[in-house]
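Asker: Okay, handing you the structure first.
Throughout, read-outs are computed from the coordinates displayed, never taken from laboratory work. Since the model is a prediction, treat every value here as computed from it, not as a measurement. For neighbour counting, all protein chains shown are included, and Cβ atoms are generated from backbone atoms with ideal geometry for every residue, glycine included.
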Amino acid sequence: MATTDTCTKICCNPKGPIIVDGECNIVDKYGRPLCQDKRKKMHVLCGCGLSKSKPFCDGSHNKDSDDDDDDDITN
Ligand code: FES
């Protein structure tokens, strides 16, 4: 029987988004689901603190990218 890699991968970018690739449940501090689409296999979370739709990334990290020379992969 063939096996598949079902492990969820989490990629953290310096001053940028946290990419969750795989099945997961994202909930608020009370355990209420924040993502209603159960078919969604990838989530992009805010790692910079600038998003207006936390915990999800809204692209606001790009506004800060001209000020530094880090290796943010989303630029
Ligand atoms: S990582 Fe914060 S808005 Fe994208």
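Asker: In the structure displayed, which of Lys15/Lys54; Lys9/Lys29; Lys15/Lys52 lie more than 18 Å apart, Cα to Cα?
Answerer: Details: Lys15/Lys54 15 Å; Lys9/Lys29 22 Å; Lys15/Lys52 16 Å.
Pairs exceeding the cut-off: Lys9/Lys29.
Asker: Separate question: Could you pull the Cα extents of segment 8-64 along its three principal axes, largest to smallest, in whole Å?
Answerer: Principal axes ranked by extent give 31, 23, 16 Å for the Cα atoms.
Asker: Along Cα→Cβ, 7 Å out, is where each label goes; now give me the distance between the ones at Tyr30 and Asn62 in nm to one decimal.
Answerer: The two pseudo-label positions are separated by 3.4 nm.
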